[in-house]
Structure formats: structure tokens, C-alpha cells
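Working notes, beginning with the structure itself.
Here, each number is a calculation from the coordinates, and none is a lab measurement. Given the structure is predicted, the values throughout are model-derived calculations rather than measurements. Note: ideal-geometry Cβ built from the backbone for every residue, glycine included; neighbour counts use all protein chains shown.
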2 protein chains.
Amino acid sequence: MEQIKIGMLGLGTVGSGVVQIIQEHQEKISQITGRHLEVKRVAVRNVAAHKDEFKDIELTTDVNAVLNDPEIPIIVEVMGSIQPAMDYIVQALENGKNVVTANKDLIAQHGSELVKIAKKNNVDLVYEASVAGGIPILRTIVNSFAADQIEDVKGIVNGTTNYIMTQMVTKGMTYQAALKSAQELGFAESDPTNDVEGIDAAYKMIILTQFAYGTNVKLSDLTVEGISKIDAADIKQARTMGYTMKLVGESAEINGQLAVSVAPALVPLEHPLATIQNENNAVLVKGAAVGTTMFVGPGAGKMPTANSVLSDIIAVTKNIILGTTGNTFNGYRQKAELATPDMVVAPYYLALKIPDIPGQLLKLTHILTEADTSVKQVVQTETDGEYARVVVITHKTSLAKLQEIQKEIKADGAISLISCYKVLEASK
Amino acid sequence: MEQIKIGMLGLGTVGSGVVQIIQEHQEKISQITGRHLEVKRVAVRNVAAHKDEFKDIELTTDVNAVLNDPEIPIIVEVMGSIQPAMDYIVQALENGKNVVTANKDLIAQHGSELVKIAKKNNVDLVYEASVAGGIPILRTIVNSFAADQIEDVKGIVNGTTNYIMTQMVTKGMTYQAALKSAQELGFAESDPTNDVEGIDAAYKMIILTQFAYGTNVKLSDLTVEGISKIDAADIKQARTMGYTMKLVGESAEINGQLAVSVAPALVPLEHPLATIQNENNAVLVKGAAVGTTMFVGPGAGKMPTANSVLSDIIAVTKNIILGTTGNTFNGYRQKAELATPDMVVAPYYLALKIPDIPGQLLKLTHILTEADTSVKQVVQTETDGEYARVVVITHKTSLAKLQEIQKEIKADGAISLISCYKVLEASK
């Protein structure tokens, strides 16, 4: 059987999973592709650290030995970070190599540039593993929503924060305690900033937006809020009102314009996203024709992510055999403006600290009414004699009006806004 | 822009949805494929019935005018039933036409035959819409589990029965009342046999088994049980023990052998399938590498099913452009035996009618013990003075042992088995 030789950059968690799947599932892969896949050469930082575990593979510290090997048509980049990964991928593409990568930071920030270089060199550049680990969401959007108009993509796309939030919700832990537990279990890094501040989820939403709408957005186009400031009191309060809390990424099309955000949100307990626990991810896609579909699976981890890399490797292998490399992973291109704050509407949850003297609640309702925002639920939850804690869930209002409300509350001085979260509507 | 002309057989619910999506989403489709798709000619039984609604399309009662049109490279079959659809598809394939069909009965029973004819004629035969309506499960298995070893596929794959079961569970309706409501709402046909007896779900499990394991099974290889004999009392009883009830299709690989079944099952309330309501479908796929992933969406309906047909049309269009038609939809082939009853293990729920005299429960536990089956929960729920109703949930036991138990109970004569259902285990 003819061979397809693979070169790899990096041999960490995902990389070693890729080697493992290729070896363990060789028979099925050969049966499907008609080729024997073999990891020929891997560039690593420290050969000695890996050489006992990977006896059959050439390990090298010389990246060029991988990038310039004429026997290798597929390069798998699993190093992570922007540089030097970007330079290596550019060199690989320019050398006529097809590239498979799991590097979301790179694709989110430099994807369109790399896509052009791949196209110019008539090679594939694919990155299923960059979003939602084991969930094959990118290829599904490309293939199965090709004829549909996507109207909304929302989901839980960061496993670390979902693990932390699950601990906070189910065990009543504080953010700090839940983060510590996640770090001890290896679900969070020692510097968790990218995960807990929503940056990682934002990169995934940038890629999902490109696939769903064909439009490139950049990090500064998104509103991004992480989970580090969430107060356990709000989680408890939300629960009594029929909601759980999740870090939700959303990319919505509103009259042809896009609103992309990552923020903690109140999720109704009967909403499909409410059931997604721990390190799992889920993506809900709403199409004009198909309605709402949901894709759930492990959002990270060695083998799920490696499996997504393998699905890319097999897709590229088929294209090499058919002579059809060079077609862009997502060929859909559409220019769209960003939606303005007056177009983006949702119900909101507001927690406020209000002086426990007459007239304050009236003042608050006055502020809301002035901003054309009506109240769905209001609960006064505690008072220490001096201040009362009031929680309001509004009916749908625009982001512009919400900002007006926030400004008025600030101007008032006496009332203060403790927290403010979007509320998802129960989905069918 | 170059055109791709489409011929259709049938213009019912799904067919008119296909026309609608092609017209309404033309711009996106053209942008992605680089072609203008046009439904040129449709064979219908009654031209007059459709001609006002579809002014721009040639309608004909002459099927050959569609099958033999040299301008048409893609034929969409949405007539349903085995014949004459099968003859028409064979003729289309032999004429060198690519065929898209939503016909699960046909694919489940004659798929392998049709696949060979397509291959011989170097054309595509695709049928994403034949399983789970709007959920793109077949293409996902082909693309995203290509390198993984699937170990289990289970799901709710019939919308009609899930609607009926949802009514029975949430409103305490009897089967007959829920069926009548489903018929009034158009969710069940006037002759509901195929749906309620599990045949439709079985066809879908046959197709899913082919995709998951590369193995062809036939209807007689499956154990199939419908929902028409479900007693509302068992649903109520299951609820008190932490379960809901669903019609579950499962295709499991056990030591390289396959067990494929459709039957009502007790589903733990925290299991992902427990949340799938009304006409929705869900498929859980467990892979050795990826773990458990779930795909949820509308299981039927005009636009969701039409969207799956469109994803097939676009895949075929791309293959026509690239000159790569003729590759089998699912290229995975593997021979596997059927698992024997001693290999298939699960916990079971047994509801029994037991004479209300001393020694009967002892006798029952004796029968279970003889069959090496231990009890997890036992509840005596009612007694009319003469008989008691006893419900047992066993620990895992094999189908062979269950059959032994059923035989012994029958031989006893005094105790009688009212119902017996598989119990799903809580999945991670």
C-alpha cells in the first residue's frame, strides 16, 4: 500500500495523541483512505525527553528537516502560540506542504493571511481541532449548513471555564476555590488568564463567525468578559429564579449585521446549554431552514483533540489522492458590518446595592422606565439595615439602553450596580 | 456563472422545501459552489396540483423526461417507498446521473446494491436526509470519526414516537390518547405502524450501523420493539425511580461483534437523551479516542430534511466541479458477526404481577439468583388484595440470562411478567 508520510511540529499532549491514533487505528484508516499513514519525522525541543517513548519516529530539533523534507506532503503543527508557529506554517505552505493545525490563537488572528498563502500554493490548510476539541463543528458548518443561512451560533466553547463554573454552581464554591481545584486537576493552567478572561473563547468565536457568516472579525470587534469577577451570590440568586450560569460565546446575525460576544450569562435550567457540565463543550447553531441543532462533546483533552487533527489529516489525504488540494477549508465569504448597540437586544439580570431608605426602588424603576426597559422579575434579597440587595431581570432591551441605565445608575451615586449579565431565552 | 441543473422525482413536503431553499439561499449557494443551481424539471403524479405554486419549473408526469435529460447531472429522489423509487434510481445511476435521496426504507434495504451501481457508473449516491432529518450525522461519522473506532451509537431517531412518548411522560397521557394527539397535529400518519412499531427507527439504525462499523445488517438481524404496548403505569413508576422512558435505537460493538436494537428503554433523568423532547432527534456516538459526542436537532419536518438534501446536492456539485464523483458516501467496509445474547449486557426493569401470598417474592428472587442476576432496586407498588405489582431493576445481566428469567417466570405460572425494558446507564 502506498504511504503518506506526515511531519509534525511539537509532540506534547495533542501531538502524542495523534501518533497514538495513527498507530492504533491504522487498519481502519488504511481501509478508508487506501494509504498507509506514517508519522515520519517530528521536530521537538528536546529529543532526549521523547526518544524512549517514540522509538519508530525520527525526532529532531531541526524544524527545517521537517519543513523541507520532500517525502512529507502533510505537516501537523501542534506547538501552539503565535510565533514561531506562524513562520513555520508559512514556510510549510510556501514549500507546497498541506498543513493541519490545532492553533486557535494563530487561526483567529492570522487565519485569513494564512488561507491566502495556502490558496496561492494550491495546498490545504485545515484546523478542525482549533475549536471545541472533539466536536467536529467547523466541518459540519462547511458541509451541512452550506445551503442554509445561519442566524445564530452560541455555545460553551471553553472547557476550563465550564469546569470552574460547574464547580461554582453545583458545589457552591467561590471562583478562587474552583479555579484552584481546576488547576490541581490540570484543567486550568498556572496562568489561567486566557481562559478565565474569555480570550480563548473569543478566539473560537472569531473562527466560528468566519465559518458561520463568512466574515472576518477581530478580537477588538467582540465584547469579551470573563468569569473571574463572578460572585457566588449571583449564582445562588440566579438558581432560585430558574437559571444556571455559564460562560457563553455568541455570534448573532441581526438584520445582516453581526454581534459577537463572550460573557457569563444566565441560562434557563431547561435550556440545552444548561446541561453541559464540567469540561464539555456545546455549540448551538440556528439556521433559517434547519432550525436549532446542537453539537456536544469533550471540549479539550488529548484524544478528542487528536481525533479532530486526524479527521483533518484524512481529509487532506483524500484531497492529495484526488488531486484536489488547495480548496479553502471554508469557502464562504461575505462582508458584514458589526451590529450597533441599539440593535443587540436581550433580557438582562442586574444586581444592585440600594440604600435602605424610602424612594430608592422608585428611583431605580424610574431609571429603567426612562430607558424604555420593563421589568420581568424583581427580588429584594437581603438587607443589612443600611443597604438592600435588589435583583432585577428585565424584559428584552437593547445594549444601548442597558448602557444608558448603567450610566444613570453611576450618575445617581447612591444606587450601585454590583453585576450585570445577559439572560438567555429558553430555546425550543 | 455556469449552471448545474437538477431533476427531481416528487414534489411533496421535502421536495417543495428543496425548491424553496435553492431559490431563497441562491446567493450563498452560488458563492460557495461557484455555480448557479437550478431545479429544471420535476416528475410529479399530478401536474395541475403543483403548477400554480411552481411556475418557473417544468413539471411532468413523465419520469423518463427527468431521468434521461442530458442537461441534468443530479437527480433528487423524494418520492419515498421502495418501488418505483428503486427502479428510477437504478435507471438514473445507469444513465450516469448523481443521485441524492432521502429514502431510508430503500437505503436500509437495498443500499449496498445501489452503492455498487453508483460506483460502477462513477457517480455519487448520497442520502444524508435519510437519517435523523436535520442532524448531519452520516457525513459527520464519515468525516469526523474516520480515524476513530466507534464503540457505540445510540439515539432517538424517530420523531413521531418521541413526540408520543413526550406527551405520555410529561402529560401522563395514555399511548392511545398521545397517538391521537400526534395524528391530529400531523406528527403521526393515519397508519402509524412503521413509526410506532419501531420499523422506521430500525431502518435508521441499519444505516447508522453501516456508517459506524462499515457492516451491513438487515432488519431480521435487529431486535425491534415499538411503543404501542407501553403502559402509562410503567412510565409513572420509572419516574419515581429517577428515569424517563424513550424509544432508543442502539448499535453497539462488543468484542468486535455487533448488537443492534430498537426498543423502549428507561433513561436516567441526568442522561443527555432524557432532555430530548417532542419531535427532536439525538444521536450519541462513542468513539475510542473522542469519547462521547452528541448531535441534536429536528428529526423530521420540511425544511430540516430539505436542508440535509441540499447539503448532499452541494457535496455532489463540488464533486462534479472537481471531477471526483463516484467515491462511495461511506467507504468503510468491515465484516462483523452479530453478538450472541450472552454478550449483550444491560440492567433491566421488570414489572411483575405476583399473587399476594407468602413466598412469592422469595420465588422471584430465587429465579433471578438462579440466572445469576442481582437486584439493584425493588419496589412493591400496589396490591388489590389478590395480586401485588412488583417492579425490579436489576444490575447488569446478559440478554441470555434475561431470556432464562422470562422462561422461568412463564414456567412458574403464578407470577407473570407485565413488562420488561432495558435501562440505560448514566453516561458521562
In segment B:1-104, the GluC sites (Glu not before Pro) that sit in a DSSP loop and have at most 15 other Cβ atoms within 10 Å of their own Cβ are B:GLU2, B:GLU53, B:GLU71
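Across peptide A:310-321, what mean number of C-beta atoms from other chains lies inside 10 Å of a residue's C-beta?
Values: counts 7, 9, 3, 2, 5, 3, 0, 1, 5, 2, 0, 2.
Taking all residues of A:310-321 together, the mean is 3.
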Ordered by number, the GluC sites (Glu not before Pro) in segment A:391-428 that occupy a DSSP loop and have at most 14 other Cβ atoms within 10 Å are A:GLU425
Computed for chain A: size of charge dipole around the Cα centre, +1 on C-beta of each Lys and Arg, -1 on C-beta of each Asp and Glu, debye to nearest 20, value 520 debye
Among A:ILE314, A:THR369, A:VAL42, the residue whose Cα sits farthest towards the positive end of the charge dipole of chain A (+1 at Cβ of Lys and Arg, -1 at Cβ of Asp and Glu, taken about the Cα centre) is A:ILE314
With no solvent term and unit scatterers on the alpha-carbon positions of segment A:345-423, Debye gives log₁₀ I(q)/I(0) at q = 0.17, 0.21 Å⁻¹ of -0.58, -0.89
In segment A:226-310, the GluC sites (Glu not before Pro) that sit in a DSSP loop and have at most 16 other Cβ atoms within 10 Å of their own Cβ are A:GLU270
If labels are modelled 7 Å from Cα along the Cβ direction, A:LEU185 lies from its partners in the other copies at nm distances, smallest first, of 3.8
homo-copy label distances at B:VAL375 (7 angstrom along Cα-Cβ), nm, one dp, ascending, are 5.6
Yeah, segment B:1-101 with a ≥ b ≥ c from its alpha-carbon gyration tensor (a/c under 1.5 is rounded, else prolate when a/b outruns b/c, oblate otherwise) is oblate
Unit-weight point scatterers at every alpha-carbon of chain B, Debye formula, q = 0.07, 0.13 1/Å: log10 I(q)/I(0) is -0.39, -1.10
Counting only backbone N atoms under 20 Å from a point 7 Å out along Cα-to-Cβ of B:SER112, the residues of segment B:312-338 in range are B:327-338
The FRET efficiency for A:GLU189 and A:ALA65, from their Cβ-Cβ distance with R0 = 41 Å and rounded to 0.05, is 0.85
Neighbour-count ranking for A:LEU310, A:LEU284 (other C-beta within 10 angstrom, fewest to most) reads A:LEU284, A:LEU310
Over chain B, the sum of -39500 (n - 2.57) across DSSP H runs of at least four, divided by residue number and rounded to 500 deg cm²/dmol, gives at 222 nm -11500 deg cm²/dmol
Subtracting the Cα-Cα distance of B:GLN31 and B:THR240 from 0.36 nm times their residue separation yields 69.8 nm
Across 10 Å bins beginning at 0, the whole-percent shares of Cα-Cα pair distances in segment A:85-223 come to 11, 35, 32, 17, 5, 0
Taking 0.36 nm per residue of separation between A:THR381 and A:ASN255 and subtracting their Cα-Cα distance, the length gained on full extension comes to 41.5 nm
Toy charge model, Lys and Arg Cβ at +1, Asp and Glu Cβ at -1: segment B:137-298 dipole around Cα centroid in debye, rounded to 20, equals 260 debye
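Taking 8 Å as the Cα distance limit and 6 or more residues as the minimum spacing, I'd like the relative contact order of segment A:137-298 as a percentage.
35 percent
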Quick calc, B:LEU362 & A:LYS363: beta-carbon distance into FRET formula, R0 51 Å, rounding 0.05, result 0.10
What the 10 Å binned alpha carbon P(r) of segment B:152-214 shows, as percent of pairs per bin from 0, is 23, 45, 23, 9, 0
Taking Cα pairs closer than 8 Å and at least 6 residues apart, the relative contact order of chain A in percent is 16 percent
At the level of C-alpha centres, the distance separating segment B:79-154 and segment A:59-130, in angstrom, is 35 Å
Here FRET efficiency (C-beta to C-beta, A:ASP342 to A:LYS218, R₀ 22 Å, nearest 0.05) is 0.50
At 37 °C and 0.692 mPa s, the Stokes-Einstein diffusion coefficient in µm²/s for segment A:123-169, with hydrodynamic radius from the Kirkwood sum on alpha carbon pairs, is 255 µm²/s
Cα extents of segment A:244-383 per principal axis, largest first, Å, are 77, 35, 24
Rounded to the nearest Å, the spacing of the alpha-carbon centers of segment B:200-214 and segment B:326-360 is 16 Å
Computed on Cα atoms, the radius of gyration and Dmax of segment B:201-251 in angstrom are 14.3, 40
Kirkwood Rh for segment A:100-180 from C-alpha pairs, in Å, is 15.4 Å
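Length gain on complete extension for the stretch B:GLN3 to B:GLN23, per 0.36 nm per residue less the alpha carbon to alpha carbon distance?
This chain segment gains 5.8 nm when fully extended.
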At 20 °C in a medium of viscosity 1.002 mPa s, the protein assembly as shown has a Stokes-Einstein diffusion coefficient, with Rh taken as the Kirkwood radius over alpha carbon pairs, in µm² per second, of 74 µm²/s
Beyond 23 Å (Cα-Cα) in this structure, taken from B:LYS335/B:LYS422; B:LYS28/B:LYS286; A:LYS229/A:LYS353, we find B:LYS335/B:LYS422; B:LYS28/B:LYS286
Distances in nm between the label point of A:GLU425 (7 Å along Cα→Cβ) and its equivalents in the other copies, shortest first, are 4.2
The correct pair for segment B:137-298, radius of gyration to one decimal and Dmax as a whole number, both in Å and from Cα atoms, is 15.6, 46
